[in-house]
Ligand SMILES: *Cc1c(COP(=O)(O)O)cnc(C)c1O
């Protein structure tokens, strides 16, 4: 009698998926497949036999296998997180309201407002308020989720919100960039679609822009998968093979990077909560992103970011290096975000070095 093998843990999957088949002399990594075209297949009707680089690429396939294994679905790589989000939004039912977080990632918010301007009803919600989210889902067509939200770090009760929205027949899409598939797997909770800015934790080294959409592995996901594949091939927001290869290489260390960054973030959140210049720490209790509000003005907060020597004052997140930024410096940022809020993407450096630098910057007076 044979029993099904134990599923591999995420820490193992990040190392083992998306590899070439083991055979004598086979390389351990897939190549960067730089080819715009492929020798013709005898039968042009065979699915996947288009033989053109806008439709298929072996480096993409390896990356998609890895992300699909981690999220528990079928993945498609896109040129950026926003390309992935734009593709996922084409899956919305033709009518019906879209329920969305009141402070989504700001460019995603801009795209959702484009839909609103084109006539789609959008119901903006506080994702922390499960009852309000589910009330907004009544009679709506789709739910867009981010948890934690950027940069207010609002956390949704994903199991309840996803199950409730699904029970009401909504299409549920979750931007899982902040959590990574190591800390949340929305598809397992019943979500239909997960998107990532792979630019962030998945690639993890601030050297590529890349995005990925993942759909359910069952027949429910077949139609969205086919639609997304057709969208990518037709609209052409395709990923470069080199970027894809770098992101796959980044995934190999995802587990150790996230583990270390999360440990650093937990320690910094604890210390920041007792800091005299800090009025509020927004930290969900997990993950490697946090936000602090400081006493004083927007200029004071800018000065803190600019005074850091180790933390880099820069946008983006999820890389090995720690980044700090005052989000309201961008005109597009929501007014719900406090002027003195500093968003911290905690990296994998030594936590004492990170603390000393941050503490000195916070204490520095003009
Ligand atoms: C960065 C980011 C995006 C956009 O991804 P790009 O790769 O920059 O296009 C979308 N959602 C979240 C949560 C992000 O942090």
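Quick note: the coordinates plus some simple rules give every number you see, no bench work behind them. Quantities reported herein were computed from a predicted structural model and do not represent experimental measurements. Heads up, the Cβs are rebuilt from the backbone with ideal geometry, glycines too, and the neighbour counts pull from every protein chain shown.
See the values below:
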{"item": "Nearest-0.05 FRET efficiency for residue 188 and residue 234, computed from C-beta distance (R0 35 Å)", "result": "0.70"}
{"item": "Inter-site label distance for residue 350 and residue 32 at 7 Å from Cα along Cβ, in nm", "result": "3.4 nm"}
{"item": "Distance in nm between pseudo-label sites at residue 22 and residue 115 (7 Å out along the Cβ direction from Cα)", "result": "4.4 nm"}
{"item": "Cα long-axis angle, helix 254-273 against the chain (0 to 90 degrees, to the nearest 10)", "result": "20 degrees"}
{"item": "Least to most buried among 157, 218, 175 (fewest other Cβ within 10 Å first)", "result": "218, 157, 175"}
{"item": "Measure of compaction for the chain (Cα Rg per 2.2 N^0.38 Å)", "result": "1.02"}
{"item": "Per-residue Cβ neighbour rank within 10 angstrom, fewest leading, 52, 38, 201", "result": "52, 38, 201"}
{"item": "Crossing angle, helix 351-363 versus the chain [Cα axis fit, 0-90 degrees, rounded to tens]", "result": "50 degrees"}
{"item": "Area projected by the alpha carbon convex hull of the range 254-363, averaged over all directions, nm²", "result": "6.3 nm²"}
{"item": "Value of relative contact order over the range 58-179, rounded to a whole percent, pairs C-alpha under 8 Å and six or more apart", "result": "23 percent"}
{"item": "Average Cα contact separation per residue, the range 254-363, under 8 Å, 6 or more apart, as relative contact order %", "result": "29 percent"}
{"item": "Percentage relative contact order, the chain, counting C-alpha pairs under 8 Å, at least six apart", "result": "16 percent"}
{"item": "Protection-proxy order for peptides 30-36, 260-266, 98-104, each taking the mean of Cβ atoms within 10 Å per residue, highest first", "result": "98-104, 260-266, 30-36"}
{"item": "Cα-based Rg / Dmax (Å) for the range 141-209", "result": "12.5, 41"}
{"item": "Of all DSSP beta bridges in the chain, antiparallel share, percent nearest 5", "result": "60 percent"}
{"item": "Exposure proxy order (Cβ contacts within 10 Å, fewest to most) of 207, 129", "result": "207, 129"}
{"item": "Between the range 289-311 and the range 75-120, the Cα center-to-center distance that results, in Å", "result": "31 Å"}
{"item": "Cα-projected label distance for residue 160 with residue 129, points at 7 Å along beta-carbon direction, nm", "result": "1.4 nm"}
{"item": "On Cα atoms only, tilt of 219-235 relative to the major axis of the chain in degrees", "result": "90 degrees"}
{"item": "Nearest-0.05 FRET efficiency for residue 315 and residue 242, computed from C-beta distance (R0 25 Å)", "result": "0.65"}
{"item": "Dimensionless Rg over Rh [the range 65-221; C-alpha; Kirkwood]", "result": "0.93"}
{"item": "Peptide ranges 55-63, 21-29, 182-190, 296-304 listed from the most packed, as the mean C-beta count within 10 angstrom indicates", "result": "55-63, 182-190, 296-304, 21-29"}
